[in-house]
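K.L.:
Right, I'll just put the structure down here and ask away after.
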Amino acid sequence: MKSWDEGGVRARIRDMAARDPERSRFGAGTHRYELAPALPEAEIRAFEEVHGINLSAEYRSFVAEVGNGPAGPGHGLMPLTVPRPEASEDWAVDDEWEEDRLPGRLAEPFLLAEPLPGRIGASTGELTGGTLMLAEEGCGIYIRLVLNGPREGEVWQIDPDWGGFVQVSPCFRTWYTEWLQ
């Protein structure tokens, strides 16, 4: 797996910000084209150990080499190890972030072998075990990284009202770099 070009990613984000001073691109008002510092290896390893998981190599290297959010797709990348500085009860994404960090939740098996398009009748909590929420798209739509099973490393979108739970990218690198375009 190739490393991320931290300088290149940060330069592209600066360029995106310069081209969008009004922050009119979807989600820019939330993530503000800001990228937090990368996480130390020890902090990432501790997170994996506490949750009994291994993060995908692409996502893991991103938070280790480039940054721990928020600049990214949707309303931005969620931080891995600590809540957003502005976390509050007013935004459901913060509750989703906390639910992911419940003991054993990330280590649960990912239950879907195939996409589940359309309206979802089951509780979304039953479907999202074994995935890590990466970003929020608005209206209860979340982007999630599959952590285990045959779909490990894929990026899926869960839209319980209309779109179902479907793959949106084969991997984190593709998903993120498409946003950088």
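The values are calculated or read from the model by the stated rules, or taken from the named source; none is laboratory data. Keep in mind that this is a model prediction, so the values were computed, not measured. Positions of Cβ are backbone-derived with ideal geometry, glycine not excepted, and every protein chain shown enters the neighbour counts. SASA here: full protein model, heavy atoms, side chains in, ligands and nucleic acids out. Shrake-Rupley method; radii C 1.70, N 1.55, O 1.52, S 1.80 Å.
K.L.:
Please compute one quarter of the surface area of the Cα convex hull for the chain and express it in square nanometres.
P.N.:
Computing the convex hull of the Cα atoms and averaging its projections yields 10.0 nm².
K.L.:
For labels at Asp5 and Glu34 in the simple 7 Å Cα→Cβ model, what's the distance in nm?
P.N.:
The modelled label-to-label distance comes out at 2.7 nm.
K.L.:
In addition: For region 1-146, with every protein chain kept in place, what is the accessible area per residue (1.4 Å probe, Å²)?
P.N.:
Per-residue accessible area for region 1-146 comes out at 49 Å².
K.L.:
How much of the accessible area of region 81-181, probe 1.4 Å, is carbon plus sulfur, in whole percent?
P.N.:
Its accessible area is 54 percent carbon and sulfur atoms.
K.L.:
Using 0.36 nm times the number of residues separating Glu178 and Thr124, minus their current alpha carbon distance, what extension gain do you get?
P.N.:
Value of the extension gain: 16.8 nm.
K.L.:
Follow-up. Roughly what % of Cα-Cα distances in region 10-62 sit above 19 Å, to the whole percent?
P.N.:
Percentage above 19 Å: 47.
K.L.:
Given a Förster distance of 35 angstrom, what is the FRET efficiency for Ile141 paired with Asn54, based on the Cβ-Cβ distance and rounded to 0.05?
P.N.:
Taking R0 as 35 Å, the efficiency between Ile141 and Asn54 is 0.85.
K.L.:
If you rank Val50, Val82, Val166 by how much accessible surface each has, with a 1.4 Å probe, what is the order from largest down?
P.N.:
Val50, Val82, Val166
K.L.:
Sequence-distant or interchain residues sharing an amide H contact under 5 Å with Ser169, placed H: which?
P.N.:
Under 5 Å from the amide H of Ser169: Val155.
K.L.:
What order do you get for 2-13, 128-139, 143-154, 66-77 when each peptide is scored by the mean count of other beta carbon atoms within 10 Å, highest first?
P.N.:
66-77, 128-139, 143-154, 2-13
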